[in-house]
Every structure is written in structure tokens, then in C-alpha cells.
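Right, one structure below, let's go through it.
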């Protein structure tokens, strides 16, 4: 069977409820936010473990802070990972489900790997610095997060090669249904996702120092040291990422000529600009933390451009089989689409409130008291969630009764 024919048979005959280009744009946006927090999860965990191993007053204090940051980053990464995963399932359903079926055991194990790694971060933060169990828990967390990243990388890489699926599924004339094998892996591609973890963490350290400098109860000299450490880490690992990106670019199929793709060129220019900016930030008279917010903005812009370049590259891979994201049948369903976008907007409102509370509370020494505005925003968020639950539950009851009577 032709690969293109196989893919068309695997596509959902119901099509998609709205225009694929909208889902594709949202997938790029949400993936960029997700991978940013994935990088921070790996980087802060690694730095927390390193700080505990190195010891000393400064590194121990930094390790404690990074351990708490890691727990928050992991939960945020998981939350933000739901949306791009759903968009992939909608747009690239024959590719994603085929890859998941071929390595089903790894897909199921991924959930437990993340649970184990996330739980271990709390063991790490709760144990004392002298406790070996705490250190072991931190190392275990880092290993679990890297395993999870390795798994997702392999699953995504497998889905781009439908011409190999039949060979992976059959061996010696028999079907292989165990799902125990990850069939393909690209080291340059994997490094291209992992090395930025330390660049993002460097920028995070700059923000960390800038954020806490208003606290009168914190050591200003320590925060200055954290800012300088972050500036150096961000600059040098961004330079390493440039080399890793070059290795990844050389590993791509030459017929793609991806180096000449406009989206990739934009991402490359932004990456180079960020590298130059970080070099200048290290020489800032007040320390790199003085330029923490512009650095964070530059990092976000670069990650967004790279996420768009990743999607453009995926289009080239699947295009070899005659598939395009725009080839889906559009079965317009305005009601479900409206519910989706309302849910998305509501989630942003509630998330913004939670982030605002965390931001203000962390910059206050002692107990933080919410002002009238934050209280009103909080009650409004609770009300919006209650209204959303009532609407969704009501729709479920109406649809159930309607189907039962038909």
C-alpha cells in the first residue's frame, strides 16, 4: 500500500471542527510555552542537584531555591503540555497515533515516569542538605525528566517517518504488538531540545536575582552572585546551543534545504541576537540581572520562532507522503469551537490571577495580604470557574438526554 493512501485511511473521517490553520497557530504558541517550562524543569533540577553536591553557603541556598522552582516548573510544564498534545492529535492524528501504537508501553510508562520524577522533587526539597536520600531523590528526578524527554523525542521522531512503520511493526513475517521498542532516535535533535534547558535556566537566575532584590530580608550580595552566575550560564550555554543547532541542521535531509527556509532564518537571527545581548548583559555595571526582563523577552521570542520553525520542518517531513495540515476535511462546528475558545480565555484569566498572587507574595517579606483589587479578581476567577463547570455539566446532561431519547 502507498504511504499516502495509508495515511488517508488513518485520518479521522469526521475531519476537524474548525480551520486547521487556527489549530496549527495555537499549537505553535502553546508548545513554545510548554517547552520553555520543560527546559526550566530540567535546568533547575540539574542546578539544584549540582548545588547540593558542591556545597557551601551560596550553593546550598541556591540549591534550595532551585529545588522549589523545579517543582513549580514541572507542574506548569504539565499543565501547558495538554494543549499542544491535543492539537497534535487533531492535526497529525494518523502520525501521532501510529507512533504511539508502535511504542505503546513507553507511552503508558511516560505517565509513571513523570509522576515518579515530580514526586521525587518534593523529597529532595524536604530533606536536609546532609541527607543522602534527598540527594538521591534529586538525581532520580533529573534522570526521570531526561527519560521523559527522551521518550517524547523518540515518539515525535517516529511519527515523521511513516515509510518505516510497516518495517517496525513486522519482524520475520509476524506482527510485533508488544510496544516495548522505541524505534528511532536522533541525538542532534535531542540535544537541540535539551541544551537550551541551561540557557533558559541562566535567564531564570537573572530574573530570580532581579525579582528578590526588593526583599529587605535577603542577602543582596548573594543575589548579585546569582545574577552573575545566571548571566554567564545563559551566555555560554546559548553559545553551545548554537553548535548543537548546527549539528541538528546538518542532520536534516538535504533535500529539505531547511537552512534557507524563512522561518528558520528568522529563528537563527533571533538566536544570534539573543547571544549578543547576553554577552553585553554580562558586562552590565549593575550585573546581568539589570537586563533580566529584556533577556527574558528575547528568550521567549527566540523560543516562539524556533517552535514555528519546528512546525515548518514537520510540514516538510509529512509532506514527503503527500500530507499537509490543511488537507483535513473541515466539518465546521461553531458551538464546540466557541466552547473551546471560551475555556481557553477563562483559563488565561485564572492562570494570570494565580501568577499575580505568586509574584506579589514572593516579593513580600513575611505574610502577604491581598489588596481589594486582587480579592475582586480572585472572587471573579472562582465565579468564572463555577460558571464554566455549570455550563459544561449542563451541556453533558442535555446531550445525554437528547441521545437517550433519539
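The values are calculated or read from the model by the stated rules, or taken from the named source; none is laboratory data. Fair warning: this is a prediction, and the values are worked out from it, not measured in the lab. Reconstructed Cβ throughout: ideal geometry from the backbone, glycine too, with neighbour counts over all protein chains shown.
For the range 33-90, name all the residues that are part of a helix (DSSP H, G or I), over 22 Å from the mean Cα position of the chain (by Cα) and farther than 17 Å from residue 208 by Cα. Talk me through it step by step, then tell me what you get.
Taking the range 33-90 first, the residues part of a helix (DSSP H, G or I) are 33-54, 57-90.
Those still in the list that are over 22 Å from the mean Cα position of the chain (by Cα) too: 50-54, 57-64.
The answer is 50, 52, 53, 54, 57.
The single condition among (1) part of a helix (DSSP H, G or I); (2) surrounded by 14 or more Cβ atoms within 10 Å (Cβ to Cβ); (3) in contact (Cβ under 8 Å) with a residue 12 or more places away in the chain that residue 321 does not satisfy is (1).
For the residues 268, 307, the requirement of being surrounded by 15 or more Cβ atoms within 10 Å (Cβ to Cβ) and without any contact (Cβ under 8 Å) to a residue 24 or more places away in the chain singles out 268.
If you check residue 396 against the conditions, is it at pLDDT 85 or above and farther than 23 Å from residue 83 by Cβ? Walk me through how you get there before you give the answer.
On the way: at pLDDT 85 or above: yes; farther than 23 Å from residue 83 by Cβ: no.
Answer is no for this residue.
Pairs please, first residue from the range 240-258 and under 19 Å from residue 160 (Cα atoms) and assigned by TED's automatic domain parsing to the domain that holds residue 275, second anywhere and at pLDDT below 95 and exposed (fewer than 14 other Cβ atoms within 10 Å of the Cβ), Cβ atoms under 7 Å, 6+ apart in sequence or on different chains. Sorted first by the residue in the range 240-258, then by its partner, the pairs are 249/259. For the range 2-14, the set of residues classified as loosely packed, with under 14 Cβ neighbours inside 10 Å and in a loop (DSSP other than H, G, I, E, B) consists of 2, 13, 14, listed by residue number.
Residues in the range 88-113 that are without any contact (Cβ under 8 Å) to a residue 40 or more places away in the chain and touching a helix residue (DSSP H, G or I) at 6+ places or on another chain (Cβ under 7 Å): 89, 113. Screening the candidates 80, 85 for the property of being out of contact with any strand residue (DSSP E or B) (no Cβ under 9 Å at 6 or more places or on another chain), without any contact (Cβ under 8 Å) to a residue 60 or more places away in the chain, surrounded by fewer than 17 Cβ atoms within 10 Å (Cβ to Cβ) and in the same structural domain as residue 54 (by TED's automatic domain parsing) yields one hit, 85.
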